[in-house]
Amino acid sequence: MNYLFLIVVLIIFLFFVARAVRRAIRNVKHPRQVLNGLIIEKYSDSQGKYRIVFQIRDQETHYEISPNLFPSVQPPMRVTLTVADDKVITFDPL
């Protein structure tokens, strides 16, 4: 009975270790940034991609945003963006 308990605990431990390793590898391949700033403009470019202009202090950066998030952006608005590979993953108004 004790061996069965130890085996179950070991399997659960290995499951959580494997999940943490997969998450760490994913974050190394596609690092995410969390940024606080101001969305000052939104637009659709010539390729049909939706973009926003994000400003932190005097630096402006253009990020691609998904079509389902685009209608909820009403510039100017202060937000916290989660960005990976110049694409907005999530944004939360402040």
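So, with +1 on the Cβ of K and R and -1 on the Cβ of D and E, and no other charges, what is the size of the charge dipole of segment 9-58 about its Cα centre, to the nearest 20 debye?
Working: 10 positive and 3 negative charges, 61 e Å.
The dipole magnitude comes to about 300 debye.
In this simple spin-label approximation, Asn2 and Thr82 carry label points 7 Å from Cα along the Cα→Cβ vector, and these lie 4.4 nm apart. The angle between the Cα long axis of helix 2-29 and the longest principal axis of the Cα atoms of the chain comes to about 20 degrees, rounded to the nearest 10.
Only Cα pairs under 8 Å and 6+ residues apart enter the sum, and on that basis the relative contact order of the chain stands at 25 percent. In straight-distance terms, cross-link reach from Lys49 covers every one of the aspartates and glutamates whose alpha-carbon lies under 12 Å from its own, apart from those fewer than eight places away in the same chain; here that gives Glu64. Listed by chain and number, the lysines placed with their C-alpha closer than 18 angstrom to that of Lys29 are Lys87; residues fewer than eight positions away on the same chain are left out. Rolling a 1.4 Å probe over the protein heavy atoms of the chain, with every protein chain left in place, gives an accessible area that is 59 percent carbon and sulfur. If you plug the beta carbon distance of Gln47 and Leu69 into 1/(1 + (r/R0)^6) with R0 = 30 Å, you get a FRET efficiency near 0.95.
When the dipole is taken about the Cα centre of the chain, and only Lys, Arg (+1) and Asp, Glu (-1) are charged at their Cβ, what size is it in debye, to the nearest 20? Working shown, then result.
Values: 12 positive and 8 negative charges, 88 e Å.
Rounded to the nearest 20 debye, it is 420 debye.
Of Ile39, Ile11, Ile25, the residue with the greatest mean-square motion in the GNM of the chain, using alpha carbon springs below 10 Å, is Ile11.
Annotation: Phe5 carries an accessible surface of approximately 140 Å², with a 1.4 Å probe and no ligand, DNA or RNA atoms counted.
Under 8 Å for C-alpha pairs, at least 6 residues apart: give me the relative contact order for segment 46-94, rounded to a whole percent.
Working: 58 pairs, mean separation 13.7, N = 49.
Here the relative contact order equals 28 percent.
Please give the per residue accessible area of the chain, computed with a probe of 1.4 Å over protein heavy atoms only, in Å². Please list the in-between numbers first.
Numbers: 7240 Å² over 94 residues.
Value returned for the chain: 77 Å² of accessible area per residue.
The values are calculated or read from the model by the stated rules, or taken from the named source; none is laboratory data. All values derive from a computational prediction rather than experimental measurement. Counting neighbours? That spans all protein chains shown, and the Cβs are built from the backbone with ideal geometry, glycine included. Accessible surface is based on the protein model in full, side chains and every heavy atom, while ligands, DNA and RNA are left aside. Shrake-Rupley method; radii C 1.70, N 1.55, O 1.52, S 1.80 Å.
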